[in-house]
Structures are given as structure tokens and as C-alpha cells.
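**Student:** Input: one structure, supplied below.
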Amino acid sequence: MTIIDNAHAGSVSSLGTPRLLAGVDQVGHVDAAHHRALHGDPVLRSRAWLLGAMREVNLLGRGGAAFPVATKLEAMPTGSSTAILVNGSEGEPASRKDRTLMTAVPHLVIDGALVAAHALDTQVITIAIHDPWSYESLVRAARERPDADAISVVRTRDGFVGGEIRAVINGLNAGVARPGGRRHLPHTHGMSGRPTFASNVETFAQIALLTGMGVADYARTGSPVEPGSSLVTLLGDVVRPGVLEVPNGTPLEMLLPGQADAPVLIGGYHGTWTRAAHDLPLTRSSLRAAGAPLGAGVIARPFPGTCVLSEVAAVSRWLAAESTGQCGPCFFGLPALADDMQAFADGTGSEAQAIRRLEQVRGRGACAHPDGAVQFMSSAITTLADDIRVHRLHGACGRPPSAVLPLPRSAR
Amino acid sequence: MTSIAVDWTRCEGHGICARLLHEKISLDEWGFPLIDEPEVEPHLVKAARQAAMACPALALRVE
Ligand code: SF4
Ligand code: SF4
């Protein structure tokens, strides 16, 4: 394992040879000259070439939905009315991978944006970032090079829901970062009403690697179904906490040594608790098939001998507070559910009531936030059934609270 | 086939829809409409349209 230390990112490392994070172990931050020495100039390819290459390596979006990038690109019209949106808002508090990427290798992100813009024959590129260090890093990187004049780097508002692509677009268009309802899709109504090719920062960095390396080299690592590598954020009782670049297909057992059936959270705070992670390979398709999608790339395992229910309750409270208050079932339902989750930790919870409420909230909002929160809470109830029973019998479990899931300071 | 859906960013939980179309819509514990089966049977289409027109928030869609 290559271990890389980066002041703003905590621990950063890779299994195998780093690609996205190449050079980071020597210098922490890869500047323009060093980036050129490692990767050369961005390799600009036609839309047709890029579509073919993306299909061959089965490139999936790195933001959470893991949508095939080629399908998205193919739906875009070409020409100067099309916009490129690089989403670096990373609203997920448990994830650090996008911030790490932006502070350590900003030029790879810019290369990817230029490759996509070239393929779509446009110059309209926006990089939207919340984190101040990442923002600084991209602004500085764009100034360091002559080919980034057309790129505008903008700050976005805080928030989990505010980091969702449609909310980012609304925020940039109207100044209010909240989702505009399920009917406003970015590929038709995006930036300033333009058709917009929008994806996560890591997706763009992968696009830059793909044209730079070519299909054969890109596919030399990873799994046959999903060649290449991914960035993940590991938390708690894991091989090494922090941001890790891993070849796709790596057995999760390698990231989670020991404790084969301990509860693991996969994906983030819209993610899934499971005790069956150990046997799975890290590919987006196999994790989705197992009912625990990789989402924002977070993999967290509480330490043995700690109380996980109390931490689940704290995250549930935070999820409730993140509702933007536009949709009744989300605005009223999530706080009621957060109370239910607290009640489990206090030993007074009712599974029947919580499950009934979960069903009442699922699917009843304008964005994916209530569904994601429901996924987090319902999988916790199933996975932590034994803990819930112990708390009910004894009023608590007597263990120290688990503290591996970070929350913005205001929520604790 | 006609179906009904709620625009959640508009719905204010007045519950009028549940009164006018109780065959299809009930209310959750917070007063917001619960639709078990969005497809509207032919004999209820007229009532569904009336409920949509009566919704003060223009939140109930029939299409
Ligand atoms: S579902 Fe919740 S978070 Fe999403 S727009 Fe509606 S109120 Fe806001
Ligand atoms: S009448 Fe309209 S606003 Fe009232 S609950 Fe029904 S859909 Fe919502």
C-alpha cells in the first residue's frame, strides 16, 4: 500500500499503483508542471471515440447514482449551447474523496472537463465546489494553465441535499440550492436552461485518465466488469482510515480485516447497513446487486465493543435537519423517524411504528433525500436487530458510543 | 390509463383530496395524502379530476 499524507485530507493512500492519486505521495499537491510530467497534455478525443471507450471500460458515474457515463454523454447535444458541470460539492459529511481529489490533483479534474467539453464541442464549463480549500485549489490550478480560461469555478452553498446535482444547478441559476422536483432533469434543463452534462469530480478525473491512457492501459487494473480504480473513504475499524484509491473488484475483506460479520455502513448517510459486506468485491454492480450500493464511496465499520445505535440516532437526527422543508412527508416524517431511532437507543423503541413510518416517507418527496434517509434507517433496524433487543431489555447496552461517523459540528 | 400523483413541493396537506377521493387517497399521520395505487379505475376518473380542481395548492395531478 502506498501511503500519502496530505494536510487537508487526512490519510490518503492507495492499494496498488495510484492512478488518480499519482504523484501525491511525493508532493501532496500535484501542480501544473508536475501534472504535465506525469500525464502529459490532456488528450482530446471525438465524442464517438469517447463514447466507445466509456462503454468498453463500463465507466460509471462516481457521484452516487453510478449511472453509465456513456449513456449520459450520448444524450447530450453538441455545440456551444451545451454546458459542462463538474460537481465538486461533496455534501456527504462522511466522504472526503472528492475534496482529496480536488486539493491533491486539481489538474486531472480540469483535464477531464476539457476532454468532455471538446467531445461536446462547447467551451461552457462550470466547476461547482463547496469546500474552501478545494475551491482555492481549483482556482489556483485554473490560473496556472493557459487552456483553462473558459472554466468558471464557483462556490456552492452548504448542505447535503444542496450537493445533489439538480440542487446545485438550481443554486447556481436562482441562488437557492434545493431540488426543483423530479421533472427537472439536468440533461434538458440545466445551467441557465442549457442542456448540461453534469457529473461528479471523480468522474471527470476518470475521463481524463481514460483518454490519456487509452482503453487497454486503463483496463489493465480493476475488475473485468468494471475496469479501473475508485476512490473510497474508509472510516472506523478498517485497514486504514482515510481516502483510499482501490482497484475495482478488490475484495472488501481486504479493506475490512477481522470481524467478518460486524455491521458495516456502505455508501454514506443515504447508504446501507449490512453484515454481509466481507464477502463482496468492490464493484458498483455487485454492491448494488447485494442491496448496498457504493453511493458516495463511504465504507464505515464501527469498532467492536461500541454502541452503534446511538450513532445511528445521531446521524438520523442530522438527516432530519437536512430536509429543505419543501415536501410535507419529508419535513414531518424524518424528524418523527429520528425520534424513533433515538427511542431504539434509549431502549423504548417500537419496530412496528418505525417500519410503518418508514413506509410512509419512502418515495414521497421531490428529491432522493427521504428515500436515502429511509434506506439508512431501515437497514440499521434490520442489521442492528440484536442491539435493539439488548437495549430494550437493559435500557442501554453499557458500551461507549460509537464515534466513527462524522457530522458537521452543529449537529452533534 | 389515468393516474394520480402529488407534487410534493406544492402540497400543503389540506386533505381536501382525501375527502373528495377517499376511494384512492388516505392521509398519513401528518395530514399528507397517501396513494396506494396511482392508477385510477374508469368509474373514479371524474371524481379524481374534481379532487385535482379542488386542491387549493394545485398539487394533485391527474394524467
Ligand atoms: S424531499 Fe425533502 S429534501 Fe427533498 S426537496 Fe422535498 S423537503 Fe427538500
Ligand atoms: S388537497 Fe392538495 S394540498 Fe391538500 S393534501 Fe390533497 S394534494 Fe395536498
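The numbers here are math on the coordinates, done by the rules we state, and not lab data. Fair warning: this is a prediction, and the values are worked out from it, not measured in the lab. We place every Cβ from the backbone using ideal geometry, glycine too, and count neighbours over all the protein chains shown.
**Student:** Can you go through A:258, A:295 and tell me which one is under 29 Å from residue A:203 (Cα atoms) and away from chain B (no Cβ under 14 Å)?
**Tutor:** Just a single option satisfies the conditions, and that option is A:295.
**Student:** Please verify whether the stretch B:32-46 includes one or more residues that are outside any helix (DSSP H, G or I), near ligand 2 (Cβ under 8 Å from one of its atoms) and surrounded by fewer than 16 Cβ atoms within 10 Å (Cβ to Cβ).
**Tutor:** So far as the stretch B:32-46 goes, no, none of its residues is outside any helix (DSSP H, G or I), near ligand 2 (Cβ under 8 Å from one of its atoms) and surrounded by fewer than 16 Cβ atoms within 10 Å (Cβ to Cβ).
**Student:** A follow-up question, please. Those residues that are under 10 Å from the mean Cα position of the chain (by Cα), more than 16 Å from ligand 1 (Cβ to nearest atom) and under 28 Å from residue A:334 (Cα atoms), I need them from the stretch B:28-57; list them, please.
**Tutor:** Within the stretch B:28-57, B:35, B:38, B:51, B:52, B:55 qualify.
**Student:** When you scan the stretch A:316-328, do you find a residue that is within 16 Å of ligand 2 (Cβ to nearest atom) and assigned to a helix (DSSP H, G or I), even just one?
**Tutor:** Scanning the stretch A:316-328, I find at least one residue that is within 16 Å of ligand 2 (Cβ to nearest atom) and assigned to a helix (DSSP H, G or I), so the answer is yes.
**Student:** Would you check if residue A:354 is away from ligand 2 (no atom under 16 Å from the Cβ) and not charged (D, E, K, R)?
**Tutor:** It is true that residue A:354 is away from ligand 2 (no atom under 16 Å from the Cβ) and not charged (D, E, K, R).
**Student:** Right, here's the next one. Is there a residue in the stretch B:9-27 that is more than 11 Å from ligand 2 (Cβ to nearest atom), among the β-branched types (Val, Ile, Thr) and not in a loop (DSSP other than H, G, I, E, B)?
**Tutor:** Checking the stretch B:9-27: not a single residue is more than 11 Å from ligand 2 (Cβ to nearest atom), among the β-branched types (Val, Ile, Thr) and not in a loop (DSSP other than H, G, I, E, B).
**Student:** Further, regarding this structure: In the stretch A:93-127, which residues are in a loop (DSSP other than H, G, I, E, B), in contact with a strand residue (DSSP E or B) (Cβ under 7 Å, 6 or more places away or on another chain) and either closer than 30 Å to residue A:315 by Cα or among the charged types (D, E, K, R) (or both)?
**Tutor:** A:94, A:95, A:96
**Student:** Find all pairs meeting these conditions: Cβ atoms under 9 angstrom apart; at least six residues apart or on different chains; first residue within the stretch A:352-364 and at the interface with another protein chain (Cβ under 9 Å from one of its Cβ atoms) and closer than 17 Å to residue B:37 by Cα; second residue part of a loop (DSSP other than H, G, I, E, B) and within 11 Å of ligand 1 (Cβ to nearest atom).
**Tutor:** That search, which allows pairs on different chains as well, returns A:364/A:327; A:364/B:8.
**Student:** Right, next: From the list A:347, A:328, exactly one residue is more than 24 Å from the chain's Cα centre (by Cα), within 16 Å of ligand 1 (Cβ to nearest atom) and crowded, with 17+ Cβ neighbours inside 10 Å. Which is it?
**Tutor:** After ruling out the rest, the residue left standing is A:328.
**Student:** Return the pairs, sorted by first residue and then second, in which the second residue is basic (Lys, Arg) and surrounded by 13 or more Cβ atoms within 10 Å (Cβ to Cβ), the first residue lies in the stretch B:22-37 and is away from every other protein chain (no Cβ under 13 Å), the beta carbons are less than 9 Å apart, and the residues are 6+ apart or on different chains.
**Tutor:** Sorted first by the residue in the stretch B:22-37, then by its partner, the pairs are B:37/B:24.
**Student:** Given (1) within 23 Å of residue A:295 (Cβ to Cβ); (2) out of contact with any Gly (no Cβ under 7 Å at 6 or more places or on another chain); (3) not hydrophobic (A, V, I, L, M, F, W, C), identify the lone condition not met by residue A:371.
**Tutor:** Condition not satisfied by residue A:371: (2).
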